[in-house]
Amino acid sequence: MPALRPIHYTKFEKFLKEVGCTFVRQEGDHKVWVRSGLSRPIIVRTKKDLPIMEIKSNLRTLGISSHDYLEMLNRI
């Protein structure tokens, strides 16, 4: 199984749309995404590549495993 790697924030935003998240607002270089049933919003920094630790944190909030995330990325 491939490992998690930093990806461009626009590709991560496509993933968020795929799992039912909605863009709410942008504050500086931070975009805020929400979905019903989440304990907190998903925050995505609009820098070139998202670090692995930010991806993992957002996946924990979404309740999605790394394996499922990588499979979804391959379909996008």
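Read the figures in this text as sums done on the coordinates, not as results from a lab. Everything numeric in this text was worked out from a predicted model, so none of it was measured. All Cβ positions, glycine included, derive from the backbone under ideal geometry; neighbour counts span all protein chains shown.
Some values worked out for this structure:
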quantity	calculated
In the chain, trypsin sites (Lys or Arg not before Pro) in a DSSP loop with at most 14 other beta-carbon atoms within 10 Å	R35, K47, K48
Pairwise Lys count, the stretch 7-75 - Cα closer than 16 Å, eight or more residues apart or different chains	10
P(r), alpha carbons of the chain - 10 Å bins starting at zero, rounded %	19, 60, 21, 1
Among E18, E54, E27: highest mean-square fluctuation, GNM of the chain, C-alpha pairs under 10 Å	E27
Value of [θ]222 nm, deg cm²/dmol, for the chain, DSSP H segments ≥ 4, -39500 (n - 2.57) each, nearest 500	-12000 deg cm²/dmol
